[in-house]
Amino acid sequence: AQKVTQAQTEISVVEKEDVTLDCVYETRDTTYYLFWYKQPPSGELVFLIRRNSFDEQNEISGRYSWNFQKSTSSFNFTITASQVVDSAVYFCALSKRGTYKYIFGTGTRLKVLA
Amino acid sequence: NAGVTQTPKFQVLKTGQSMTLQCAQDMNHEYMSWYRQDPGMGLRLIHYSVGAGITDQGEVPNGYNVSRSTTEDFPLRLLSAAPSQTSVYFCASNPRQDTEAFFGQGTRLTVV
């Protein structure tokens, strides 16, 4: 069975602090995909990143970076120098190769205080 | 390019009423799906379709019906609304397998 755990329900940081959102997954598949989505207060879901299980290279995009470690089944997301606009709920998701179905974590609400 | 469009954005139903949540996409995506989002539970898959005429159940299909007569449209029907169906519903589409999904703006449904 597949499962995604986001143990941090809510995190509050002060602007300009760095923050890491944790994502731990379970799967028996050798090929799978991991995703992060952002849900701002307006409610829509915004795609941030997709990573396949064979690519453990870390990714950096501006203030965002992702650390994928198969050994610990984790796909953590770090925001550097957080801003108020980063306040949102962030979801980690997992999908099996060859499918269109996602297993979502329960989300982490990030509050960035000015 | 509108992407994925859901209507209505908000809806209040009485217990036992039926209604259809509309979803349309203009990206010619074969795969479409419906999720519900509940507090503390993330998003859960209700039904999905891999092409016109083909639908299948997801994780929480009870109380919902879908059909896919065209590539563009994927309506979700609530047969007899129950308070447990109070949720935010998202429609999504994917261009291919193993890709990210494009989500609609969501429909907030309250059943009283």
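Would you mind stating whether A:Ser65 is surrounded by 13 or more Cβ atoms within 10 Å (Cβ to Cβ) and over 30 Å from B:Met32 (Cβ atoms)?
On the way: surrounded by 13 or more Cβ atoms within 10 Å (Cβ to Cβ): yes; over 30 Å from B:Met32 (Cβ atoms): yes.
Taking the combined requirement at face value, the residue satisfies it.
Mind checking which strands (runs of 3 or more DSSP E) fall wholly inside segment A:8-50 and carry at least 3 residues that are crowded, with 17+ Cβ neighbours inside 10 Å and not small (Gly, Ala, Ser)?
Values: elements: A:10-14, A:19-21, A:24-26, A:32-39.
The qualifying strands (runs of 3 or more DSSP E) are A:32-39.
Do you know which residues across segment B:62-74 are buried (at least 17 other Cβ atoms within 10 Å of the Cβ) and either touching a helix residue (DSSP H, G or I) at 6+ places or on another chain (Cβ under 9 Å) or farther than 13 Å from B:Tyr31 by Cα (or both)?
Answer for segment B:62-74, where residues must be buried (at least 17 other Cβ atoms within 10 Å of the Cβ) and either touching a helix residue (DSSP H, G or I) at 6+ places or on another chain (Cβ under 9 Å) or farther than 13 Å from B:Tyr31 by Cα (or both): B:Tyr64, B:Val66.
Does A:Ser71 fit the bill of being within 14 Å of chain B (Cβ to nearest Cβ) and modelled with pLDDT under 95? Spell out how you get there, then give the answer.
Values: within 14 Å of chain B (Cβ to nearest Cβ): no; modelled with pLDDT under 95: yes.
Answer is no for this residue.
One residue is enough: does segment B:85-101 have a residue meeting the conditions modelled with pLDDT of 95 or more, touching a strand residue (DSSP E or B) at 6+ places or on another chain (Cβ under 9 Å), assigned to a loop (DSSP other than H, G, I, E, B) and more than 12 Å from chain A (Cβ to nearest Cβ)?
As a first pass, look at segment B:85-101 and keep what is modelled with pLDDT of 95 or more: B:85-93.
Next, from what is left, pick out any that are touching a strand residue (DSSP E or B) at 6+ places or on another chain (Cβ under 9 Å): B:85-93.
Remaining after also requiring assigned to a loop (DSSP other than H, G, I, E, B): B:86.
Remaining after also requiring more than 12 Å from chain A (Cβ to nearest Cβ): B:86.
For segment B:85-101, residues modelled with pLDDT of 95 or more, touching a strand residue (DSSP E or B) at 6+ places or on another chain (Cβ under 9 Å), assigned to a loop (DSSP other than H, G, I, E, B) and more than 12 Å from chain A (Cβ to nearest Cβ): present.
Could you identify the single residue in B:Lys9, B:Lys14 that is more than 14 Å from chain A (Cβ to nearest Cβ) and either in contact with a Cys (Cβ under 6 Å, 6 or more places away or on another chain) or of a type in the set (D, E, K, R) (or both)? If you could, list the steps in order and put the result at the bottom.
On the way: B:Lys9 fails: more than 14 Å from chain A (Cβ to nearest Cβ).
Criteria check complete, one pass: B:Lys14.
For segment B:75-101, give me the residue count where each residue is in contact with a Phe, Trp or Tyr (Cβ under 7 Å, 6 or more places away or on another chain) and surrounded by fewer than 18 Cβ atoms within 10 Å (Cβ to Cβ).
Going through segment B:75-101 one residue at a time, the tally reaches 3.
The values are calculated or read from the model by the stated rules, or taken from the named source; none is laboratory data. All values derive from a computational prediction rather than experimental measurement. Note that we place each Cβ from the backbone using ideal geometry, even for glycine, and neighbour counts take in every protein chain shown.
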